Every structure is written in structure tokens, then in C-alpha cells.
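One structure is given here, and the rest of the page talks about it.
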Amino acid sequence: MKGSAQCAGAIAFYQHRHASPSSLTASLTGTGGVVISTPDTNSIVTSPVHVTAYVDAGFTGPVRTMQVFVDNTLAYQGPGTTVDTNVTLSASATHNLTVLALKKNGQLEGSATVYVTVVNPPSAPPSASSVAPLPPVPSP
């Protein structure tokens, strides 16, 4: 009996570890069926950030407008039940992106929030056109 209890404890530990939120890399579902597909929460990104979101099929009926907030400031608003937009974020900072689904009367149906850290993009190596040409080879 003691061995089976230890086994059950190990399985419960494994299941708990397997389901931990920090290991998720898929979409994030908030309230009212709002799903943020990209970016992943706690991801490191460069600006502009591509934001895609939608309202799950069971909740689409009352939703008429979608909004995206960056650090609690409205950055995008559009009709329908999906979002596919880019938002500009300041580098070297962590930001929250919140997507709201609003009913026809303007009341909130649902929302979801992800957090992203923006880094400066890597500097590109000089292009071939920006490198001075070599001098001609002297003839013998």
C-alpha cells in the first residue's frame, strides 16, 4: 500500500509539473472567450508587435467590437470578433497587452491580457553597398 501511495504521489507531481502555466507556449484564453493567439505571454519581442486575437465560437454572438490596449491606453479598435494588427511598443521595457471584446451596447463581454518584454532589434551587419570597394590590383 505504501508503494502505491508513493507512485500516486509521483504521478500527481508529474501531472502538476506537466501542466504548469510557465511551460505553455500556445494561445492564452481570458474571460468571455477572448483568446490572444500572438504574442505569447512573458515572451521577448521586438517592436512593432503583431497581435492576433479572437472570440471563441461560443461567445461571438453578442460581440461587435474588439479593442487592444497597450499599458491601459487604447491602441486599436475594430469591428468584428477578431484582431490582426501591429502595435508599436517602447524598447527595454515590459508591457501589458489587453484585448477586450465589447457587446453592441458597449458593455464588456470578455478580455485577456499578456505581458511582453520588448528588446532592441539586433543591429544589422553592413550591407555590401556600404563597404568601400577594394583598390584595383596593380598590373605586373
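The values are calculated or read from the model by the stated rules, or taken from the named source; none is laboratory data. Everything numeric here is computed off the predicted structure, so don't read it as measured data. As a convention, Cβ positions derive from the backbone with ideal geometry for all residues, glycine included, and neighbour counts pool all protein chains shown.
Could you go through region 107-116 and let me know if any residue there is part of a loop (DSSP other than H, G, I, E, B), in contact (Cβ under 8 Å) with a residue 12 or more places away in the chain and over 13 Å from Thr60 (Cα atoms). Even if it seems obvious, please write down each step before you answer.
Going through region 107-116, the residues part of a loop (DSSP other than H, G, I, E, B) turn out to be 107.
Okay, now just the ones that are also in contact (Cβ under 8 Å) with a residue 12 or more places away in the chain, so none.
No, region 107-116 contains no residue that is part of a loop (DSSP other than H, G, I, E, B), in contact (Cβ under 8 Å) with a residue 12 or more places away in the chain and over 13 Å from Thr60 (Cα atoms).
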Index of the failed condition, Gly30 passing every other in (1) surrounded by 15 or more Cβ atoms within 10 Å (Cβ to Cβ); (2) under 14 Å from Thr113 (Cα atoms); (3) modelled with pLDDT of 95 or more: (3)
Yes/no for Ala93 being small (Gly, Ala, Ser), surrounded by 14 or more Cβ atoms within 10 Å (Cβ to Cβ) and closer than 24 Å to Gly30 by Cβ: no
Pairs, first free of Cβ contacts under 8 Å to residues at least 24 places away in the same chain in region 28-53, second surrounded by fewer than 16 Cβ atoms within 10 Å (Cβ to Cβ) and of a type in the set (A, V, I, L, M, F, W, C), C-beta under 9 Å, six or more apart: Ser37/Ala26
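Within region 67-106, which residues are in a loop (DSSP other than H, G, I, E, B) and not small (Gly, Ala, Ser)?
Asp71, Asn72, Thr81, Thr88, Leu89, Lys104, Asn105
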